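Notes follow once the structure below has been shown.
The values are calculated or read from the model by the stated rules, or taken from the named source; none is laboratory data. Predicted, not measured: the structure shown is a model, and the values here were computed from it. Counting neighbours? That spans all protein chains shown, and the Cβs are built from the backbone with ideal geometry, glycine included.
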């Protein structure tokens, strides 16, 4: 009967080869359909692993082994566990509550209204103001974006040189449009959008039905 | 036993990958696999220390080191491939995968070295 540590290593090799085959199918053979069938291989491998590891575990627990030192959970151990768990929970709560966006208003994609009432007119960056968050896209979407010649938002120059007031509109398909913002005397109202300040005068907004979870 | 849990979490992430084709799931799976690998390697190291017979311990240590070396070579091999993809396409996701795989390979080499030294 195979030992559990050996089985774990074998399963790790199985998972690594799964990843290698998946990447090969996608990037070399460009065969997305075949990659879907890999799920069956993964399921069969996992079931086999779980069954064998369960049996190995049972055999191990039935066998007389060298007497083990009984570990007592002390107060320090407990405090450590509570501290680590509370770190995770408090970070989540802080990120969820303190980073909540303030609302701005966008009217027909022409004006951005700040909460203090200041209006800014929107004009597309010339000659091209569109880019794609390639890493957030699925592989098929990535291929479409690359065929359209969209640059990766990670590397476009305007994204890193947002010194003039700029507006970034991110859409659910992970494409993003960039606009220049200029002061205007227009007073108007519109529907509210979720926007974040990127610097003193730059904003990133999500256009419905896009959601905030797609923030890069 | 806990390592099995992390390997199963990796499987869940990889099955999400086949559904959504988003490479981030490989990063998550590799992270879970790394934790599983560390737990597995360290628990093996500890269990070898409990073997009182020197000959038996040396025999088991040799097998363990051989196994760990095979897995670490696999980790480094795939790390090289994903680093290649990362450099070619400036894809940061793949660079993270490469680092995770290199980390897994390095940890296994380190544990193997420790087992070798203790087995002497």
Condition check for residue A:8: modelled with pLDDT under 85 and either more than 24 Å from the chain's Cα centre (by Cα) or closer than 24 Å to residue B:5 by Cβ (or both): no
Answer yes or no: is there a residue in the stretch B:36-54 that is in a helix (DSSP H, G or I) and within 19 Å of residue A:19 (Cα to Cα). yes
Single residue of the stretch B:12-26 satisfying the filter (modelled with pLDDT of 85 or more and surrounded by fewer than 18 Cβ atoms within 10 Å (Cβ to Cβ)) that is nearest to the other protein chains (Cβ to nearest Cβ): B:15
